[in-house]
1. Could you please find all residues in segment A:231-267 being among the basic types (Lys, Arg) and surrounded by fewer than 17 Cβ atoms within 10 Å (Cβ to Cβ)?
2. For the condition of a type in the set (Ser, Thr, Tyr) and either assigned to a loop (DSSP other than H, G, I, E, B) or in contact with a Pro (Cβ under 6 Å, 6 or more places away or on another chain) (or both), what is the one hit in A:Thr207, A:Thr217?
3. Counting only residues that are buried (at least 18 other Cβ atoms within 10 Å of the Cβ) and among the β-branched types (Val, Ile, Thr), which one in segment A:214-230 is nearest to DNA strand B (Cβ to nearest atom)?
4. State yes or no: is A:Ala25 outside any helix (DSSP H, G or I) and either in the same structural domain as A:Ile212 (by TED's automatic domain parsing) or crowded, with 21+ Cβ neighbours inside 10 Å (or both)?
5. Name the residue that is nearest to A:Leu18 (Cα to Cα), counting only residues in segment A:84-129 that are among the acidic types (Asp, Glu) and touching a strand residue (DSSP E or B) at 6+ places or on another chain (Cβ under 6 Å).
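The values are calculated or read from the model by the stated rules, or taken from the named source; none is laboratory data. These figures come from a predicted structure and were not determined experimentally. Please note: Cβ atoms are built from the backbone with ideal geometry, for glycine as well, and neighbour counts cover all protein chains shown.
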Amino acid sequence: MPELPEVETIVRGLSPDLPGRTIEAVRVLRPDVLRQPPRAFSAELTGRTFDSVSRRGKNIVARLKGDTVLVVNLGMTGRLLLLPEKGPETTHPAVRFTLDTGRQLVFDDVRRFGVLEVLSVSEWTTRSRRLGPEPLSPTYTARTLSAGLTESVSPIRSWLLDQRRLVGVGNIYANEALHVAGIHPRRPAKSITGGEARGLHRALRRTLRQAIANRGTTLRDYRDATGVPGENAAALRVYGRAGNPCPRCSTMIERIVFGNRSAFLCPECQPYDPGEQPSGEQP
DNA sequence: AGTGTATCCTGCAGGC
DNA sequence: TGCCTGCAGGATACAC
């Protein structure tokens, strides 16, 4: 659920307040969101002080003083909320940190696909190296994208979702960027031309930056670190809009399914075979 | 090696 | 009203 723009919004919300704060208590209400025994998790974090909060792909990365990193992946419905001392109860709290200010940092997650992990700096570095490049990094050029596409026969939408190739892009922004770029989600990655790759690179960046400016897309569950929904849903062009007119050409937007996930496209603006009439049915 | 499918879990919307 | 089905922003263990 939360993709790069949502995670970025949360991190920007936590950054002014979390560094310098010490964790006084850890309460694990739902141990299945951890990758280690709750006792060990709590023991590693209790008494530690936050140093910095940053983002890597869809992960929230909190560095603590000493050789400790708390990595939070929100899964589909996870929230990381910094709440006042007497804040409202959240609906599905999984882990609660009490800070030295009395405020609570709460990981709340309806479906519990989210994960919290404590790692050493070197463990985190190793993990981070296995992830692909950041799409908004200045060093991520159209050429980088184009080069990565050439070896893969994977459908471009699946390629964009693979965090080893490129981080931060999920199903919403993959579909949105492909519409902006006029590329059918099912096209094999290696069939994307150099010109199309340049367009896709630009579309990805524009789509992600716009979503950050709008503080993320809230379909149902996403909230920022203070519990406020994002405003980007109104800007979506195709995602979740099957049966509605394409904002560019007014053709009916279609929903197809592959890789166990919905894809949304305009058959006119995103033909599978450029130059031929899009049929809607692909092998 | 690289892809696609099924699975974890809960809640909600829509059909009947 | 109530039951049933399908669907959901992610990641990953498998089978091919």
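1. Correct list: A:Arg248, A:Arg255, A:Arg261.
2. A:Thr217
3. A:Thr218
4. no
5. By that ranking, first place goes to A:Asp100.
Every residue, every condition in (1) under 24 Å from A:Val257 (Cα atoms); (2) outside the structural domain of A:Gly87 (by TED's automatic domain parsing); (3) more than 16 Å from DNA strand B (Cβ to nearest atom); (4) modelled with pLDDT of 95 or more, yes or no:
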| position | (1), (2), (3), (4) |
| --- | --- |
| A:Leu119 | no, no, yes, yes |
| A:Arg165 | yes, yes, no, yes |
| A:Tyr173 | yes, yes, yes, yes |
| A:Gly182 | yes, yes, yes, yes |
